[in-house]
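Since the structure comes first, as structure tokens, the remarks are kept for the end.
The values are calculated or read from the model by the stated rules, or taken from the named source; none is laboratory data. Fair warning: this is a prediction, and the values are worked out from it, not measured in the lab. Areas reflect the complete protein model, heavy atoms only, side chains present, ligands, DNA and RNA absent. Shrake-Rupley method; radii C 1.70, N 1.55, O 1.52, S 1.80 Å.
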Amino acid sequence: IVEDQEVVCELLSSFLSHDHTVETFLDGPTALSRFEPGAYDIALIDLGMPGMPGDQVAREMKKADPSLVAVLVTGWEIEESDPRSSPFDLRLQKPFTRLADLEAVVAQAFEIRDRRKRGDE
């Protein structure tokens, strides 16, 4: 999880850590410095962060590991045609109103990851 709001990191981590190993980073440069190809399956990345925008973080991570599934986490209303959304596979809209939405996005992300690892995508 790459998200500059600690409360959002804590919320996502609390929910996801029941079934997954989760690491959180409060900014893009730190996340990239700790990123190792193959070590992560899914990255949930906020778009609007100081220092480095989330789309740049996603591009760098996916360049290093093309099988990574990047999930855009944003409170902004952006069109799918917006170039900032291009490095992301899925979107999770803030504020989170239903835990079921988070569960569905994570399930979709794992399906994409599995297809990529099998070479189907």
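Before moving on, here are some points about what is shown:
- Per residue, the chain exposes an accessible area of 56 Å² to a 1.4 Å probe, with every protein chain left in place.
- Pair-distance profile P(r), taking every C-alpha pair of the range 1-79, with 5 angstrom steps and integer %: 3, 16, 29, 27, 18, 7, 1
- Stretch gain in nm, segment S14-Q93, where the contour uses 0.36 nm per residue and the Cα spacing is subtracted: 26.7 nm
- For the chain, carbon and sulfur atoms together expose 49% of the accessible surface, with a 1.4 angstrom probe and every protein chain in place.
- Length-normalised contact order of the chain in % [C-alpha pairs under 8 Å, at least 6 apart]: 20
- For the range 28-121, convex hull volume per residue from C-alpha positions, Å³: 99
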